[in-house]
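Have a look at the structure below before the remarks.
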Amino acid sequence: MSTEPTPKPQPSWLLGSIAALLLLQVGLLWMQGSMLERQYGTLTGLRQDMQDLTESLDNFQGNFDQGATDGTLSPSSRRVRPRRGVQRVRLQEQDGDQGVRKEMEDQRKSEREAVEKARDAQAKLSIAENYRKAEEKKRLEAEQNKWRPFIWGGVVLALLALILRAWLRNR
């Protein structure tokens, strides 16, 4: 009769270390999820800012095509053929009516000034809005990070407890 060798018993610290590693893994996953959520919020905010900018550019009025000399508004991406009414105005201008030309130049000048004022106001509003968003983001990050010291403190205490337990067992 042969005796079978008895299997070695598992070390007592194996189960505890596996549980600790699993808890650490869950903690790391939780932290990664919070970081991903914050990044998603930032990207969503940037996307909204881009949409607002494109809408404001699409709704922008009074932009002159610098190449146009007839005083008509036209998109800068394509040339618009003048209509007959515009040709009549040109014929009147060519006939010597300087009043219409002067009036149109004054109108262009006032529109350009209005556009510059609108851009300045929009830039000022944008700075105030960006400051408000930055303050809100700072407040949210502070709120999210207020538990972080407690989590790290718990991890350190758990590791110290494991080390103390191992030291006491070996004594």
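Being open to solvent by 100 Å² or more (accessible area, probe 1.4 Å) and part of a helix (DSSP H, G or I) is the filter here; which residues of region 1-24 pass it?
Initial filter on region 1-24 (open to solvent by 100 Å² or more (accessible area, probe 1.4 Å)): 1-10, 13, 15, 21-23.
Once the filter is applied, which keeps residues that are open to solvent by 100 Å² or more (accessible area, probe 1.4 Å) and part of a helix (DSSP H, G or I), region 1-24 yields Trp13, Leu15, Leu21, Leu22, Leu23.
Kindly provide the set of residues from region 146-169 that are more than 15 Å from Gly27 (Cβ to Cβ) and either modelled with pLDDT under 90 or charged (D, E, K, R) (or both), ordered by number.
The initial filter retains those residues of region 146-169 that are more than 15 Å from Gly27 (Cβ to Cβ), namely 146, 160-169.
The answer is Lys146, Arg165, Arg169.
Checking the structure you have, find out if any residue of region 96-111 is at pLDDT 55 or above, in a loop (DSSP other than H, G, I, E, B) and surrounded by 11 or more Cβ atoms within 10 Å (Cβ to Cβ).
Yes, region 96-111 has at least one match.
Scan region 119-143 residue by residue and report those that are within 30 Å of Gly27 (Cβ to Cβ), surrounded by 10 or more Cβ atoms within 10 Å (Cβ to Cβ) and among the small types (Gly, Ala, Ser).
Within region 119-143, Ala134 is the sole residue that qualifies.
Please verify whether region 34-42 includes one or more residues that are part of a loop (DSSP other than H, G, I, E, B), at pLDDT 55 or above and open to solvent by 90 Å² or more (accessible area, probe 1.4 Å).
The initial filter retains those residues of region 34-42 that are part of a loop (DSSP other than H, G, I, E, B), namely none.
No, that holds for no residue.
Conditions first: (1) of a type in the set (A, V, I, L, M, F, W, C); (2) open to solvent by less than 60 Å² (accessible area, probe 1.4 Å); (3) at pLDDT 95 or above. Ala68 passes all but one, so which condition is the exception?
Evaluating Ala68 over (1) of a type in the set (A, V, I, L, M, F, W, C); (2) open to solvent by less than 60 Å² (accessible area, probe 1.4 Å); (3) at pLDDT 95 or above leaves (3) as the failure.
Can you tell me how many residues in region 144-171 are open to solvent by 100 Å² or more (accessible area, probe 1.4 Å) and farther than 20 Å from Ala19 by Cβ?
So the answer is 5.
The values are calculated or read from the model by the stated rules, or taken from the named source; none is laboratory data. All values reported here derive from a predicted model rather than from experimental measurement. Because the Cβ atoms are built from the backbone with ideal geometry, glycine has one as well, and the counts that use them run over all protein chains shown. Side chains included, ligands, DNA and RNA excluded: accessible areas come from the protein's heavy atoms. Shrake-Rupley method; radii C 1.70, N 1.55, O 1.52, S 1.80 Å.
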